[in-house]
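Q: I am attaching a structure below and will ask some questions about it afterwards.
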Amino acid sequence: MEGFISESMQTKRIMETIRRVAPYDAAVLLTGESGVGKNCFADMLHEYSNRKEGPYITINCGAIPVNLLESELFGYEKGAFTNASNIGKAGLIEKADHGTLFLDEIGELPLSLQVKLLMALQEKKITRVGGTEEKQVDFRLVTATNKDLRKCVEKGEFRKDLYYRLNTVELAIPPLRNRKEDVPALINSFVSRCSKQYGKDFAISEEAVDILTKYPWPGNVRELNNIVESMLLTSENDQIGKEMIPAGILRQTGIEGKSWWGKRLKEILEETEAIVIMEAYEHFQSTTKAAEALGISQASMSLKLKKYRNM
């Protein structure tokens, strides 16, 4: 796919596998940490498939309230529930007919809907909420998760039969820290994209790229993208050097050294807290989950996140 970064051997092997399996309708499960770019690989599966001229429908199962998710996926008939449209609505599975359906964060799908999804996969038929008529659907399913679904099956949180139905082909996307060869190419790609988007001729120094490559990137590609774009937009000029790299990254890569000399303890603690808060949010992409991991309230997490984002 044009514009996709694949400098590391791990990424190249995944892309080769995608090219081999894309023409077939086998279900593909993409696994890996949050932010590794699973959605990009899902896009590629559709683009290389025989269904590329058909619709490509995507939904994040963790981003929609449980009480709305069923009607989003399966659609509903008129009068199915309060405030329902008086003409009904087609669901995303129905809209994916003759195309590809990508369900991100499939591990967040409630057990009740797992049953309905399994039936849709087996029978190639769906029934809208509040309806009785079965509708024939022909779609290729691609799913993604940052959870260990095998453990979810053992805990009774995910159906075993659906799990085996989803992972005819399982592709584990490695975290960015394990494919550092991709980092410089990704940085240059982000710089190039921002230059076009904002109408500026941005550039980044080799020294800055080297430092950024040494950082472990707990938030993976998403975090790298955010940091690079932030550096570009907040710089006084279009040439980005080491001085624009956040202090937390310099500290973790051993570049900054004893940067705490001459600072008050309160300032040092605040800088450290900022690093932890931002990294936790980049990793979990949820203030609730990040707060739980750090042992603080969700309200406190949200306030601190807002504070450090504006620093």
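The values are calculated or read from the model by the stated rules, or taken from the named source; none is laboratory data. Note that the structure is predicted; figures quoted are calculated from it, not measured. Ideal geometry is used to build each Cβ from the backbone, glycine not excepted, and the neighbour counts take in all protein chains shown.
Q: What is the number of the single condition among (1) of a type in the set (A, V, I, L, M, F, W, C); (2) over 27 Å from LYS180 (Cβ atoms); (3) assigned to a helix (DSSP H, G or I) that VAL228 does not meet?
A: (2)
Q: On the given criteria, is THR213 β-branched (Val, Ile, Thr), over 24 Å from THR143 (Cβ atoms), without any contact (Cβ under 8 Å) to a residue 40 or more places away in the chain and surrounded by fewer than 15 Cβ atoms within 10 Å (Cβ to Cβ)? Show your work before the answer.
A: Details: β-branched (Val, Ile, Thr): yes; over 24 Å from THR143 (Cβ atoms): yes; without any contact (Cβ under 8 Å) to a residue 40 or more places away in the chain: yes; surrounded by fewer than 15 Cβ atoms within 10 Å (Cβ to Cβ): no.
Here the answer is no, as THR213 does not meet what is asked.
Q: Ok, one more. Being surrounded by 13 or more Cβ atoms within 10 Å (Cβ to Cβ) and closer than 25 Å to LYS38 by Cβ is the requirement here; does SER230 meet it? Lay out the reasoning, then the answer.
A: On the way: surrounded by 13 or more Cβ atoms within 10 Å (Cβ to Cβ): yes; closer than 25 Å to LYS38 by Cβ: yes.
Yes.
Q: Can you name the residue in the stretch 225-244 that is touching a helix residue (DSSP H, G or I) at 6+ places or on another chain (Cβ under 6 Å) and among the aliphatic types (A, V, I, L, M) and is also modelled with the highest pLDDT among such residues?
A: VAL228
Q: Still on this structure: What do you reckon, is THR145 farther than 18 Å from GLU70 by Cα, among the β-branched types (Val, Ile, Thr), touching a Ser or Thr at 6+ places or on another chain (Cβ under 9 Å) and touching a residue at least 40 places away in the same chain (Cβ under 8 Å)?
A: Values: farther than 18 Å from GLU70 by Cα: yes; among the β-branched types (Val, Ile, Thr): yes; touching a Ser or Thr at 6+ places or on another chain (Cβ under 9 Å): yes; touching a residue at least 40 places away in the same chain (Cβ under 8 Å): yes.
When the stated conditions are applied, THR145 passes them.
Q: On to the next question. Return the pairs, sorted by first residue and then second, in which the second residue is part of a helix (DSSP H, G or I), the first residue lies in the stretch 19-43 and is within 12 Å of LEU166 (Cα to Cα), the beta carbons are less than 7 Å apart, and the residues are 6+ apart or on different chains.
A: ALA27/ARG165; ALA27/LEU166; VAL28/VAL21; VAL28/LEU45; LEU29/LEU166; LEU30/LYS38; LEU30/PHE41; LEU30/ALA42
Q: Also: Please pick out the residue among ALA96, ALA63, ALA120, ALA144 that is touching a Pro at 6+ places or on another chain (Cβ under 9 Å) and among the small types (Gly, Ala, Ser). So that I can check it myself, show each step before the final result.
A: On the way: ALA63 fails: touching a Pro at 6+ places or on another chain (Cβ under 9 Å); ALA120 fails: touching a Pro at 6+ places or on another chain (Cβ under 9 Å); ALA144 fails: touching a Pro at 6+ places or on another chain (Cβ under 9 Å).
Of the residues listed, the single one that is touching a Pro at 6+ places or on another chain (Cβ under 9 Å) and among the small types (Gly, Ala, Ser) is ALA96.
Q: Mind telling me which of the residues ARG222, ARG251, ARG179, ARG193 ends up being out of contact with any His (no Cβ under 7 Å at 6 or more places or on another chain), at pLDDT below 85 and charged (D, E, K, R)? Explain how you work it out, then say what you get.
A: Working: ARG222 fails: at pLDDT below 85; ARG179 fails: at pLDDT below 85; ARG193 fails: at pLDDT below 85.
Answer to the check: ARG251.
Q: Next question, about the same structure. Kindly evaluate ALA291 against the criterion of being in a helix (DSSP H, G or I), in contact with a Gly (Cβ under 7 Å, 6 or more places away or on another chain) and surrounded by 14 or more Cβ atoms within 10 Å (Cβ to Cβ). Can you show your working first?
A: Working: in a helix (DSSP H, G or I): yes; in contact with a Gly (Cβ under 7 Å, 6 or more places away or on another chain): no; surrounded by 14 or more Cβ atoms within 10 Å (Cβ to Cβ): yes.
Answer is no for this residue.
Q: Farther than 19 Å from LEU166 by Cα and crowded, with 18+ Cβ neighbours inside 10 Å, is that true of VAL66? Give the steps one after another, and end with the answer.
A: Numbers: farther than 19 Å from LEU166 by Cα: yes; crowded, with 18+ Cβ neighbours inside 10 Å: no.
Against the criterion (farther than 19 Å from LEU166 by Cα and crowded, with 18+ Cβ neighbours inside 10 Å), VAL66 does not qualify.
Q: Which count do you get for residues in the stretch 127-153 that are of a type in the set (A, V, I, L, M, F, W, C) and over 22 Å from LEU45 (Cβ atoms)? Steps first, please.
A: Quick first cut of the stretch 127-153, residues of a type in the set (A, V, I, L, M, F, W, C) only: 129, 137, 139, 141-142, 144, 149, 152-153.
Subsequent filtering for residues that are over 22 Å from LEU45 (Cβ atoms) retains 129, 152-153.
Number of matching residues: 3.
Q: Here's something else I'd like to know. Based on this model, can you work out whether ILE268 counts as of a type in the set (Val, Ile, Thr), at pLDDT 90 or above and more than 18 Å from LYS180 (Cβ to Cβ)?
A: Working: of a type in the set (Val, Ile, Thr): yes; at pLDDT 90 or above: no; more than 18 Å from LYS180 (Cβ to Cβ): yes.
Here the answer is no, as ILE268 does not meet what is asked.
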